[in-house]
Amino acid sequence: MVFFTGAGISAESGISTFRDPDGYWSKYDPMKLASPEGFKEDPELVLRWYAARRQLAGKAQPNPGHLAITQFQKLFPHSVVITQNVDGLHARAGNEPVWELHGNIHRQKCLKCAEEVAFNPDNPDGINYCACGGMLRPDVVWFGESLSISILNQAFDAVKSCSLLFTIGTSTQVYPAAQLPFEALNQGAFVIEVNPEPTPFSAKADLSLRDPVGKVLPNLYEEFYAALF
């Protein structure tokens, strides 16, 4: 069993999709906030924005959708979560394992050597440097950057061998991750889409459900549990 998740599941915990259109940061070009070029041009601006997002993610709580996945994983120990989200809510909900395609906002790495470095408690939101001299940046995938090949290969391997895939709260428009549910179908898996809005994948899904994730997944878990026990 594979759970492939996107921004929609985090939105139900109060985390807006990429940026709030009515918020302070909406006046900034996303390419200035989430690209290597933007970071090099104005690292302080980018770090302030990520500090604000990190604070928001830290205050958010896993919702019933995240918690239902935890329950599913207790029933099906070999299931995995593959997420496009960077907020860390899956891990906080007890989901395990979680493969983060786009990184994690609660980590940082060196721009030069790529080593993960702990946040400086004396200056958690400002410019800091690695022991090698490189500037530290958020450990997330920015525009123009490639996803981790090892994590992506793991994801496709899991999808190719799964019997059931849930595609949850994702627009299935950002590739290569968007290919995952299509690949599951090609390999003969049953695919359930959970998304309040239709997506390019909806017509292909074996079952496409339009209700909120926090409502659908707990209900599906209860049905699975009743069928098994």
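Here, each number is a calculation from the coordinates, and none is a lab measurement. What you see is a predicted model; the values in this text were computed from it and never measured. Ideal geometry is used to build each Cβ from the backbone, glycine not excepted, and the neighbour counts take in all protein chains shown.
In this label model, Gln173 and Phe190 are separated by 3.0 nm, measuring between points 7 Å along each Cα→Cβ vector.
Considering only the other residues whose Cβ falls under 10 Å of the Cβ of Leu185, what net charge follows from Lys and Arg at +1 and Asp and Glu at -1? So the environment of Leu185 carries a net charge of -1. Using C-alpha pairs below 8 Å separated by at least 6 residues, the relative contact order for the chain is 23 percent.
In region 36-121, Cα pairs under 8 Å separated by at least six residues give a relative contact order of 23 percent. Highest GNM mean-square fluctuation among Asn153, Asn186, Asn123, for the chain modelled with Cα contacts below 10 Å: Asn123. Helix-only arithmetic for the chain: the sum of -39500 (n - 2.57) across DSSP H runs with n ≥ 4, divided by the residue total, places the mean residue ellipticity at 222 nm at -10500 deg cm²/dmol.
Of all aspartates and glutamates in the structure, the ones whose alpha carbon falls short of 12 Å from that of Lys32, not counting any fewer than 8 places away in one chain, are Glu41, Asp42, Glu44. Springs between Cα atoms under 10 Å define the GNM used for the chain, and in it the highest mean-square fluctuation of Ile105, Ile192, Ile127 occurs at Ile127. Pairing the Cα long axis of helix 149-161 with the longest principal axis of the chain, what angle in degrees results, from 0 to 90 and rounded to the nearest 10? Between helix and principal axis, roughly 0 degrees.
Cross-link partners of Lys112 among lysines, defined as those whose alpha carbon lies under 17 angstrom from its own and excluding same-chain residues fewer than eight positions apart: Lys40. Note on the chain: the alpha carbon radius of gyration divided by the globular reference 2.2 N^0.38 Å gives 1.05. Computed from Cα positions, the angle between helix 43-59 and the longest principal axis of the chain comes to roughly 40 degrees. Excluding same-chain residues fewer than 8 positions from Lys160, which lysines have a Cα within less than 29 Å of its Cα? Lys160 reaches Lys74, Lys204, Lys215. Once the chain from Asp125 to Phe182 is taken as fully extended at 0.36 nm per residue, the excess over their C-alpha distance is 16.6 nm. Computed from Cα positions, the angle between helix 64-75 and the longest principal axis of the chain comes to roughly 60 degrees. Phi-derived couplings, Karplus 6.51 cos²θ - 1.76 cosθ + 1.60 at θ = phi - 60°, listed residue by residue for region 198-205: x, 10, x, 8, 3, 5, 8, 4 Hz, with x used for Gly and Pro.
Peptide packing: for 207-218, 160-171, the average count of neighbouring Cβ atoms within 10 Å per residue gives the ranking 160-171, 207-218, highest mean first.
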